[in-house]
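The values are calculated or read from the model by the stated rules, or taken from the named source; none is laboratory data. Predicted model only: the values in this text are computed from it and were never measured. Note that each Cβ is placed from the backbone with ideal geometry, even for glycine, and that neighbours are counted across all protein chains shown.
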């Protein structure tokens, strides 16, 4: 007798958990795998391609690969906000079609959105500040 494997492609997806995964591990695509999205491998591919270029470099935070690495990180924060602020009915229609169970995210999604705004804002502003500093330091060196 052959044991049947349960169908994992149509399992229930929790909205607050999906938003939390996007906020914490969006750069490696954890939320995309959880939600069963196509092209889930793009964020981890970009992260894997740029991370070795940053490691072991002096002033790694002022290199082009670092700023390229920040793209999937910031995209994860943005996707976390989109998921957390999406109405429960719309989330269920998109990711839980065919399920009788429905999301009632309540405060969990709100708290994830607040934490994402705090963390994502710090990361984005820091990246912009480092990019501006790097640009002007290089411009100053070029004029000397």
* Among 44, 52, 65, which is over 16 Å from residue 131 (Cβ atoms) and touching a helix residue (DSSP H, G or I) at 6+ places or on another chain (Cβ under 8 Å)? -> 44
* Of all residues in the range 121-144, which are surrounded by fewer than 11 Cβ atoms within 10 Å (Cβ to Cβ) and either closer than 14 Å to residue 71 by Cα or touching a residue at least 60 places away in the same chain (Cβ under 8 Å) (or both)? -> 125
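Can you find even one residue in the range 116-136 that is in a loop (DSSP other than H, G, I, E, B), more than 20 Å from the chain's Cα centre (by Cα) and either on the phi > 0 side of the Ramachandran plot or modelled with pLDDT under 95 (or both)? Can you show your working first?
We begin by selecting, within the range 116-136, every residue in a loop (DSSP other than H, G, I, E, B); these are none.
No: the range 116-136 contains no residue that is in a loop (DSSP other than H, G, I, E, B), more than 20 Å from the chain's Cα centre (by Cα) and either on the phi > 0 side of the Ramachandran plot or modelled with pLDDT under 95 (or both).
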* Residues of the range 22-39 satisfying the condition of being under 11 Å from the mean Cα position of the chain (by Cα) and outside any helix (DSSP H, G or I) -> 29
* Have a look at 80, 100, 58, 75 and point out the one that is within 30 Å of residue 134 (Cα to Cα) and either outside any helix (DSSP H, G or I) or free of Cβ contacts under 8 Å to residues at least 24 places away in the same chain (or both). => 58
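At pLDDT below 95 and farther than 30 Å from residue 134 by Cα: is that true of residue 106 in this structure?
Numbers: at pLDDT below 95: yes; farther than 30 Å from residue 134 by Cα: yes.
Against the criterion (at pLDDT below 95 and farther than 30 Å from residue 134 by Cα), residue 106 qualifies.
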